[in-house]
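Student: Please see the structure below; I have some questions.
The values are calculated or read from the model by the stated rules, or taken from the named source; none is laboratory data. What you are looking at is a predicted structure, and each value in this text was computed from that prediction instead of being measured. Neighbour counts run over all protein chains shown; Cβ positions are idealised from the backbone, glycine included. Only protein heavy atoms, including side chains, enter the accessible area calculation; ligands, DNA and RNA are left aside. Shrake-Rupley method; radii C 1.70, N 1.55, O 1.52, S 1.80 Å.
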Amino acid sequence: MSRNSHKRAESLTPFVPSTTLAPGWINKTDTFWYSWRDDSGRKFWKVDPKAKKKTPLFDTAKMAAALSELTQKPYDSSNLPFATVTFDEKDANRMFFSLTEAPVAPSTAPKTTRYEYDLAKETLKIAAKEGTAAATTEARDFRNLSPDKKAYVYAMAHNLYYVEIKEGKDQPPVQLTKDGEKDYSFGSREGGFGGIFGGGGGTRRGQQGGGGAPPPPTEQRVRANVTWSKDSKRFYVSRFDSRKVKELFLVSSLSEPRPSLLSYKYAMPGEPEVGSQELFAFNPEKKALEKLPVEKYKDQQLRNVHFQDTTSETLRFLRRDRLQRHAELCEINLATKAVTPLVTEAVENAFLELQEVKYVKPGGDFLWFSERSGWGHYYLYSNDGKLKNAVTSGPYRASSITEVDEKKSQLWFVAQGREAGENPYYQHLYHVGLDGSGLTLTDAGEADHTSSVSPSKDFVVDVSSRPDLAPKAVLRDRDGKMILDLEETKLERLLELGWRMPERFTVKAADGVNDLYGNLWKPTDFDPKRKYPIIAYVYPGPQTESVNSGFSVSATNARLAQLGFIVIQIGNRGGNPARSNAYHSYGYYNLRDYGLADKKTGIEQLAARFPWVDVDKVGIFGHSGGGFMTGAALLLPPYNEFFKVGVSSAGNHDNNIYNANWSEQHHGLKEVPVLGADGKPTGETKFEIKVPTNAELAGNLKGKLLLVHGEMDNNVHPGGTIRLVNALIKAGKRFDFMMLPGQNHSFGDMTGYFNQMTLEYFAEHLLGDYQRGNAELKVK
């Protein structure tokens, strides 16, 4: 094999054609446009579904000539510098697009110019600015205007202000709150909106001697995050109190002239100080902001707060307990402050607030998502919270609402796992009557489908693909009958360059019952008579799995395979909520270890099936949760005997110092009584959680382990990796460790360097040939 063969995948990017198609419906009609790139350049098309006709949206040669003349820069039909267009709402012949020029100097801002093209006359000009300069400024200023433009709200110095507009003039502001402060704020130039479970931005300190924060700039008015009712009478706003949430810290070694300290609020699993959320509504008679009595659960969260379109007298909201097992959709009467629960859910390890309430019509019935049956489905409720019927049902997951057709009383939705014999992660689009009758598949075919419904709901644009099937886009009618071929991704140039599609496979989980799905990459010069080490790319979930269902030109896996490896993606129980709640819950209260048995068993089945898999040389790598799993695989018996080499990047090796919301939801939290000095319950409760860590297993390391983390990772704090490093040193273990200076969770501009490290590490320790991975160090 050529030493440079692994670099073929690096040069693929310019040769990757379009793999997705997003229809742009023109002025709320069924006619749509789209763009598509292939080896002849980007083309723009217009489709009339009723006429079953596809025509060029415009002449690309004429467009290129007009653009070259207007900008005084050379263009031709193969390199038009835009991919998105819009249309005038009243005249569909007036088309617009924007171009952004790079700044001429580092201190100058990029310049964006908007162009108008007349499709009928085939003429191009610089578009007139939209509205006046004052209107443009107004749209971006501090005022959150009511729909009737007769009042607005703003925030200043963490407090809220209300202003009426009479005869075009602002009246004196009414200060609605006076208790706002940092981390208990309605908004401020200083920041400090706060949050319940931490994360987000931070404050840099330590630039001056003494470590104190510099004083804030002069206070200015900022846009308040309030939501108005449609009748402009009321608004609501929530406020987070994170004053007691503890800080977390990072040190930026690259700050000039001195290293600086970044501090940010960050609640950790089980901590009592996770912050709280308050809900307020404006009383128009009193011109006052009133706190609403919405509390029920300890440390509860609020979601999906909304006015109904037909009234501002009531407000609806979803409240969820910290255990994330109980939720209620409630309505509060803003005059009496009476709270009425409409829907109550109690399901362990379910996504209780997966979607917002969807109303069939204003003030009418609504759709509600629940996993109460063990599968995710939609239920129809009357407006006052009485269950009418299940709209979807059966052993599959209805995962998202696409449209609700009020006229035909139908739900359009995306589901997974309904079609027999298919990978259960393939998405399909269906419509069904709101009474649960007439379920219709609109995009048949054994593939993953991304489908869009036309405004009239008479047509569907269906884009389908698999890891081993090139994307294809077709136009269908509402019942799935194919009307028109649109596009198909051509892969000839990629194949000429040595790229190969992965192969799909299915194996059994360690229970011998559940099917696991995966993809497998081979070297371009694959020889079935040889033995190849096998490497698994992993992410254990629990909110997703690291297994592609649709088409992807995966450069990392392809490059790794070119070195002489079999590279796989493989699922595991507990890793994806798109199946049953029982499948998804497999790792509940077992967040560290749950996926490893399935990875090992799956690889052993592949080795038994394919003689060219060398089961004695097994590698594993992953990022974030995948880095956590990689570390556990090299440390936890008996898997530490099976996995020989691991590359763990940005791993959350100690989920007890990861963010509270994620760890508590996916590992499981317990609420227990507080005991007094006499050992008897005091009547109060506290939360407990203990997630097993990789550091606890440090003494078991047998294989070769590379740990990599970003110095400024404020998602997965580097402390988890440092704790593992500390434990490995104390256990007398040899391992490799790299801290990437100044990098966050994604590794930023050091991603290329890290990818090269990964290639070299596996080449050295599984092939015994470091030079094969180090043929050319190429940092991107």
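Student: Could you tell me the accessible area of S312 in Å² (1.4 Å probe, neighbours in place), rounded to the nearest ten?
Tutor: The accessible area of S312 comes to roughly 0 Å².
Student: Could you work out how far apart the two model spin labels at A105 and S232 are, taking each label as a point 7 Å from the Cα in the direction of the beta carbon, and quote it in nm?
Tutor: 4.7
Student: For region 394-468, what's the relative contact order in percent, using C-alpha pairs closer than 8 Å and at least 6 residues apart?
Tutor: Details: 145 pairs, mean separation 15.4, N = 75.
In percent, rounded to a whole number, it is 21.
Student: Next question. Can you report the principal axis dimensions of the chain using only the alpha carbons, biggest first, rounded to whole angstrom?
Tutor: 86, 84, 64
Student: Equivalent ellipsoid semi-axes for region 258-391, as square roots of 5 times the alpha carbon gyration tensor eigenvalues: give them largest first, rounded to whole Å. Before the final figure, lay out the partial values.
Tutor: On the way: eigenvalues 164, 109, 34 Å².
Over the Cα atoms of region 258-391, the ellipsoid semi-axes are 29, 23, 13 Å.
Student: So if each residue of separation counts as 0.36 nm, and I subtract the Cα-Cα distance between K407 and T123, what length gain in nm does that give? Could you put the intermediate results ahead of the total?
Tutor: Details: separation 284, 0.36 × 284 = 102.24 nm, distance 4.10 nm.
Here the segment from K407 to T123 would lengthen by 98.1 nm.
Student: Right, next: Give the carbon-plus-sulfur fraction of the accessible surface of the chain in %, rounded to a whole number; probe 1.4 Å, heavy atoms of protein chains only. Write down the numbers at each step before the final one.
Tutor: Numbers: 17130 of 34920 Å².
That fraction is 49 percent.
Student: Oh, and also: State, to one decimal in nm², a quarter of the convex hull surface area for the C-alpha atoms of region 43-176, i.e. the direction-averaged projected area.
Tutor: Values: hull surface 54.7 nm².
Dividing the Cα hull surface by four gives the mean projection, 13.7 nm².
Student: Can you figure out the FRET efficiency of A731 with E278, using R₀ = 56 Å and their beta-carbon distance, to the nearest 0.05?
Tutor: Numbers: r = 48 Å, r/R0 = 0.85.
It comes out at approximately 0.75.
Student: Using just the helices of the chain, give the 222 nm mean residue ellipticity in deg cm²/dmol: DSSP H runs with n ≥ 4 each add -39,500 (n - 2.57), and the total is spread over all residues, rounded to 500. Spell out each step's value before the answer.
Tutor: Values: 12 runs with 102 residues, N = 780.
That comes out to -3500 deg cm²/dmol.
Student: So, one more: Taking 7 Å along the Cα-to-C-beta vector as the label spot, tell me the K52-E290 distance in nanometres, rounded to one decimal.
Tutor: 6.1
Student: Continuing with this model, one more query. If the cut-off is 28 Å between C-alpha atoms, which lysines fall inside it for K166, apart from same-chain ones fewer than 8 positions away?
Tutor: Those lysines meeting the cut-off are K149, K150, K178, K230, K233, K286, K287, K291.
Student: Any idea what the relative contact order of region 450-574 is, in percent, if you count C-alpha pairs under 8 Å spaced at least 6 apart? List each step's numbers first, then the result.
Tutor: On the way: 229 pairs, mean separation 28.2, N = 125.
It rounds to 23 percent for region 450-574.
Student: Please compute the modelled spin-label separation between E89 and K508, points set 7 Å along Cα→Cβ, answer in nm with one decimal.
Tutor: Once both label points are built, they end up 6.1 nm from each other.
Student: Where a ≥ b ≥ c are the square roots of the eigenvalues of the C-alpha gyration tensor, would you call region 356-487 rounded, which needs a/c under 1.5, or, failing that, prolate if a/b is larger than b/c, or oblate?
Tutor: On the way: a/c = 2.58, a/b = 1.52, b/c = 1.69.
Oblate shape, in that a/c is at least 1.5 and b/c is the bigger or equal ratio.
Student: Just to be sure I understand the rule: take each whole DSSP H helix in the chain, project its Cα atoms onto its long axis, keep it if the span is 18 Å or more and its mean Kyte-Doolittle hydropathy is at least -0.5. Which ones pass?
Tutor: Working: long enough: 596-609 (20 Å, -0.46).
Helices meeting the criterion: 596-609.
Student: What does the C-alpha gyration tensor say about the overall shape of region 424-485? Classify as rounded when a/c is under 1.5, otherwise prolate if a/b is larger than b/c, or oblate. Walk me through the numbers before you get to the answer.
Tutor: Values: a/c = 2.48, a/b = 1.40, b/c = 1.78.
Since a/c reaches 1.5 but b/c is at least a/b, the shape of region 424-485 is classed as oblate.
Student: Check the straight Cα-Cα distances from K730 and name the lysines below 20 Å, setting aside those fewer than 8 residues away within the same chain.
Tutor: Cross-link targets: K702, K704.
Student: Between F96 and K169, what is 0.36 nm times their sequence separation minus the Cα-Cα distance? Round to one decimal in nm.
Tutor: My answer for the length gained is 22.7 nm.
Student: Want the number for A608 to S255: 0.36 nm per residue separation, take away the alpha-carbon distance, what's left? Don't jump to the answer; show the numbers that get you there.
Tutor: Numbers: separation 353, 0.36 × 353 = 127.08 nm, distance 5.34 nm.
The span from A608 to S255 would gain 121.7 nm if fully extended.
Student: What accessible area per residue, rounded to a whole number of Å², is obtained for the chain using a probe radius of 1.4 Å? Write out the running numbers ahead of the final one.
Tutor: Numbers: 34920 Å² over 780 residues.
Per-residue accessible area for the chain comes out at 45 Å².
Student: After finding the eigenvalues of the alpha carbon gyration tensor for region 142-195, what semi-axes result from the square roots of 5 times each, listed largest first in whole Å? Mind dumping the intermediate values first?
Tutor: On the way: eigenvalues 114, 22, 12 Å².
Its equivalent ellipsoid spans semi-axes of 24, 11, 8 Å.
Student: Over 20 Å between Cα atoms, which of K472/K599; K408/K472; K599/K644; K90/K408; K182/K686 qualify? Please report the intermediate quantities before stating the final value.
Tutor: Working: K472/K599 32 Å; K408/K472 30 Å; K599/K644 14 Å; K90/K408 28 Å; K182/K686 27 Å.
Among K472/K599; K408/K472; K599/K644; K90/K408; K182/K686, the Cα-Cα distance tops 20 Å for K472/K599; K408/K472; K90/K408; K182/K686.
Student: Another question about this same structure. Using Cα-Cα distances under 8 Å and only pairs 6 or more residues apart, what relative contact order does the chain have, in percent? Don't skip to the end; give the middle numbers.
Tutor: Details: 1826 pairs, mean separation 65.0, N = 780.
In percent, rounded to a whole number, it is 8.
Student: Same structure again: Rg to Rh for region 541-598: what is it, with Cα atoms only and Rh by Kirkwood?
Tutor: Details: Rg = 13.7 Å, Rh = 12.8 Å.
Ratio of gyration radius to Kirkwood radius for region 541-598: 1.07.
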